[in-house]
Ligand code: SDX
């Protein structure tokens with residue numbers, strides 16, 4: 001397969017996908033026939049062979065276990081250069097966004113494609129405030145859950161339940177009027193309320209309503225930790241640290257949960273149904289559940305008195321069924337830029353709160369040992385976003401099983417933006433991968449009497 005002259009790149013506005021013009025092709029020979037397949041070149045120089053017509057032209061499909069080499073879409077939202085540890089939201093480096101923006105500004109940037117002007121930010125914040133209450137009947141749903149129900153199970157279920165209280169959402173057709181901005185704000189706002197209610201339910205505590213005067217992250221902490229007789233003390237450093245955690249999780253191109261949201265959206269299911277599916281995909285310990293698994297790993301190492309070396313050896317042993325949680329990434333083959341920011345923020349928050357956490361010391365010891373270990377170096381395994389985030393959440397007092405929920409709140413803007421992008425794509429098609437069948441050849445039905 002050779003690559004000839006590079007393609008030109010079509011211009012695009014904020015809301016449409018850059019459509020590349022095809023001026024280069026890849027040549028492929030199958031069953032003695034030569035085929036030309038278009039080359040797509042992204043705005044940052046990524047190269048792809050467009051195989052949309054491969055089966056029609058050749059009868060062949062491609063096979064790519066885990067989609068490691070397959071692009072499901074062209075997108076304008078987030079750029080990752082895994083080899084160089086680069087992450088940009090709508091072109092802005094994550095380091096700048098983390099230093100200069102709030103989570104809500106970042107959410108607007110990711111969803112609408114540009115940093116908000118003051119009036120836009122005001123309007124967006126007003127929509128979040130107007131949509132932060134759940135329908136009062138939602139309380140009965142929470143009462144139906146067992147106390148020990150995992151908050152991710154409640155989150156996924158209650159996002160769908162919340163949509164049942166708005167007929168307009170159920171029967172919403174994309175592109176009709178302003179509903180998108182209302183429903184997007186409602187989902188982003190109510191995910192906080194649902195999450196905090198899930199936590200209160202698990203502790204047998206009364207639900208705390210949001211306060212109009214509080215900004216997004218402060219309101220979440222208020223709903224999580226205030227009591228009817230006393231408001232939670234909102235320390236600016238704590239609010240900022242959690243806002244940073246949300247911001248750093250806001251989008252990450254076609255990760256497992258975002259790809260799930262797009263899969264569901266491609267059938268033209270509604271925004272809440274798509275996000276609810278994203279929560280389920282995120283829950284797995286290989287994905288958003290890793291932040292909980294990292295702390296459980298560090299606690300296990302701490303309790304065993306191991307200095308970490310025994311666990312590292314186990315993680316290298318394929319038969320141990322252990323992995324170094326919080327390390328490795330499908331895309332980053334370098335240090336995850338978010339992990340660097342979170343590590344520094346966790347050290348800073350512990351110092352400000354005058355706390356020490358033995359798990360942070362273990363984590364830093366593990367990192368130092370692993371980055372010198374040939375097994376991890378050869379496989380380019382570095383700390384990812386989940387390795388240090390739990391340290392901050394522990395310092396704030398967020399319980400372990402809420403860690404993936406915090407990830408889901410942070411990732412909501414990315415899911416909403418990807419939903420919008422797929423809905424706005426005039427060429428959008430339902431996602432329906434093919435397969436290579438390896439099952440039994442045709443056989444007849446055997447009646448039960450003859451089955452032995
Ligand atoms: C997130 O995609 C995203 O963008 C995700 C995310 C986002 O923002 O949405 O960044 C968030 O999910 C981060 C990842 C959180 N998960 C973990 O920390 C779980 C631990 N990590 C691994 O399970 C793993 O690294 C993955 C799942 C993250 C990536 O898996 P891949 O790409 O399928 O890599 P692989 O399993 O094929 O590993 C390649 C090699 C294997 O060894 P060999 O077969 O080559 O000998 O590396 C080894 C693996 O065994 N390996 C590890 C390891 N991760 C990979 N060995 C020990 N410990 C690990 N953590």
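Annotations
- Crossing angle, helix 403-424 versus the chain [Cα axis fit, 0-90 degrees, rounded to tens]: 40
- Inverse of mean 1/r across different Cα pairs in the stretch 209-290, Kirkwood, Å: 14.8
- In the chain, the alpha-carbon atoms span a convex hull of 215 Å³ per residue.
- Whole-number percent relative contact order across the chain, with pairs defined as alpha carbons under 8 Å at least 6 apart: 18
- As a length-normalised measure over Cα pairs under 8 Å and 6 or more apart, the relative contact order of the stretch 290-396 settles at 43 percent.
- Cα-based helix-to-principal-axis angle, 271-283 vs the chain, degrees rounded to 10: 80
- Pairs of Cα atoms farther than 25 Å apart, the stretch 94-224, %: 31
- Rounded D (µm²/s) - the stretch 290-396, Kirkwood Rh over Cα pairs, Stokes-Einstein at 4 °C, 1.567 mPa s: 93
- For the stretch 35-155, alpha-carbon Rg and Dmax in angstrom: 21.6, 61
- Centre-to-centre, using Cα atoms only, the stretch 36-62 and the stretch 381-445 are separated by 25 Å.
- Its residue count N sets the reference 2.2 N^0.38 Å, and the alpha-carbon radius of gyration of the stretch 318-452 equals 1.63 times that reference.
- Principal-axis tilt of helix 337-352 within the chain, Cα atoms, nearest 10 degrees: 10
Values in this text are rule-based calculations from the coordinates and carry no lab data. Keep in mind that what you see is a predicted model, and the values were worked out from it rather than measured.
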